[in-house]
Amino acid sequence: MALTKYKIRQLVTVVDERNSFGYREFYGININKEFMPTVANTEGLDETKYKVVRKNYFVYSGMQTGRDECIRISMYDNDKPILISPAYTTFEVTATDVVLPIYFFMKFLSREKDRYGAFCSDGSIRSNLDWEVFCDIELELPSLLIQKKYVDVYNAMFMNQQSYERGLEDLKLSFETLIDEYKHKANKKTVGSILKEIDCRNTDGSITDVQGINITKQFMPSVANTYDVNLTKYKVVRKGQFAFSGMQTGRDECIRIALYNKEESIIISPAYTVLEIKDDTVLSEYVMMWFSRKEVDRLGWFMSDASIRTNLDMDRFYEIEIPIPELKVQKAIVEIYAAYNVRREINEKLKAQIKDICPILIKGSIEEARKTEEA
């Protein structure tokens, strides 16, 4: 038949391979169905308890599916094995005589499927989609021949995006090499001698765009509930200014700082510190680029206090030294960095386009199968 329905349990086999190989690359899955390095502190973890993910394995987490309206699932496509938490479920698509693994994954790259997962999740506070319930979900599958036709379109787009991403990494290596060269020969200045604190409040309440900073050092809409919150106490961030939070620097191994580069001002929580350049021989973009380096995050982790919250207090933050080459060198490095950021944004758009086209491809394959069936 051109179209056949299968329950997921008929198509997959659970794999539970524990780490007896000494692997140390710890990952998780985000709501975009992408693998990402874990933000948890992995120091001292017993890696033998963690699950190994190999190429073409799937990783699934049913936690908070209803809350996030997202079935958290991803297919691993790299050759180098990684580790994930024992809380995840790892599996393979083994019924390859009826479904291609990539086509199976494409089925879950749609908002419709995410909404259905949320509908199927339990009614608890955590609103989980348990593995057994997930396995009962039915998938309508066309013939392998039709699947392959649409998978080929997906693969072509994916390979194009991956090629673009590799070029992105080459560009990143270029400016990091330049920084490494000058960090050993340029004079160093402390953060306290470069930046000054600005405390401008949203006193008239005219700005309502509340944002925060994530661990990738980017501004993002606040996830806090700001309903009925007095926004006049919030701090204003203008173009060219930094927002800094020293909280949990040690726990996250990340100095949470971001440079705001848009024209329209935003507001952030009073718990943040707003900073701007006070030394006209230093470019704000260069400072931000320096704080984007992992070695600086490790330094921040080292300098954070020993409390449970492991904060990086302002006085310690101000002690951090940054190598400052002459302005023309800073500008050259910043220009490469700016090109990298533009290409990174394009890469993110490419990934979003691939995800957006998957429901169209799935719909096309189903419609083609139905027409074949009618004929």
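The values are calculated or read from the model by the stated rules, or taken from the named source; none is laboratory data. Predicted, not measured: the structure shown is a model, and the values here were computed from it. Virtual Cβ from ideal backbone geometry, glycine too; neighbours counted across all protein chains shown. Side chains are part of the model used for accessible areas, which takes the heavy atoms of the whole protein and leaves out ligands, DNA and RNA. Shrake-Rupley method; radii C 1.70, N 1.55, O 1.52, S 1.80 Å.
Results, tabulated for the structure shown:
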quantity	calculated
Reciprocal mean inverse distance between Cα atoms of the range 99-144 - Kirkwood radius, Å	11.8
Furthest towards positive pole of dipole, G240, L45, W301, structure part the chain, Cβ charges	G240
Size of electric dipole in the range 245-375: Cβ of Lys, Arg +1 and of Asp, Glu -1, about Cα centre, debye, nearest 20	380
Cα-based helix-to-principal-axis angle, 294-303 vs the chain, degrees rounded to 10	60
³J(HN,Hα) computed for each position of the range 209-216 - Karplus, 6.51 cos²θ - 1.76 cosθ + 1.60, integer Hz, glycine/proline x	7, 8, 10, x, 10, 9, 6, 8
For the chain, calculated [θ]222 nm from helices alone, where every DSSP H run of n ≥ 4 adds -39500 (n - 2.57)	-12500 deg cm²/dmol
Environment charge of T48, counting only residues whose C-beta is closer than 14 Å and scoring Lys/Arg +1, Asp/Glu -1	0
Estimated vicinal HN-Hα couplings, Hz - the range 259-275 in sequence order (Karplus 6.51, -1.76, 1.60; Gly, Pro = x)	9, 8, 10, 9, 6, 7, 5, 10, 10, 10, 4, x, 6, 7, 10, 9, 10
Total formal charge among the other residues, if their Cβ is under 15 angstrom from that of V329, Lys/Arg +1 and Asp/Glu -1	0
Computed FRET value (nearest 0.05) for L327 with R126, which takes r as the C-beta separation and R₀ as 51 Å	0.45
Cubic angstrom per residue, convex hull over Cα atoms of the range 184-269	125
Cα-based Kirkwood hydrodynamic radius, the range 225-370, one decimal, Å	18.4
Difference of contour (0.36 nm per residue) and Cα-Cα distance, V229 to S163	19.2 nm
Sites K239 and Y182, calculated FRET efficiency, Cβ-Cβ separation with R0 30 Å, nearest 0.05	0.70
The chain - charge dipole about Cα centre, Lys and Arg +1 at Cβ, Asp and Glu -1, debye rounded to 20	180
Approximate spin-label separation S265-E345, in nm, with each point projected 7 Å along Cα-to-Cβ	2.3
Accessible area of the range 1-138 divided out per residue, in Å², using a probe of 1.4 angstrom	51
Residues of the range 163-244: accessible area per residue with a 1.4 Å probe, Å²	60
Surface share of carbon and sulfur [accessible, 1.4 angstrom probe, percent] for the range 233-375	52
Inter-probe distance in nm under a simple model that places probes 7 Å from Cα toward Cβ, at K80 and K196	4.5
Net +/- balance of residues flanking I137 in space, Cβ distance below 15 Å, scoring K and R +1, D and E -1	-1
Radius of gyration and maximum dimension Dmax of the chain, Cα, Å	24.1, 76
Separation in nanometres of the label points that stand 7 Å from Cα toward Cβ, at R18 and K55	2.7
Cα-based convex hull volume of the range 295-365 per residue, rounded to whole Å³	158
Whole-Hz couplings from phi, Karplus 6.51/-1.76/1.60, listed for the range 142-158; x for Gly and Pro	x, 5, 4, 5, 5, 3, 4, 4, 7, 5, 4, 5, 4, 4, 4, 5, 5
Isotropic mean projected area of the C-alpha convex hull, the range 74-129 (nm²)	5.4
Cα long-axis angle, helix 111-120 against the chain (0 to 90 degrees, to the nearest 10)	80
Shape metrics for the range 124-280, restricted to C-alpha atoms - Rg then Dmax, Å	23.3, 67
Descending semi-axes in Å of the range 1-114, equivalent ellipsoid built from Cα gyration tensor	26, 17, 11
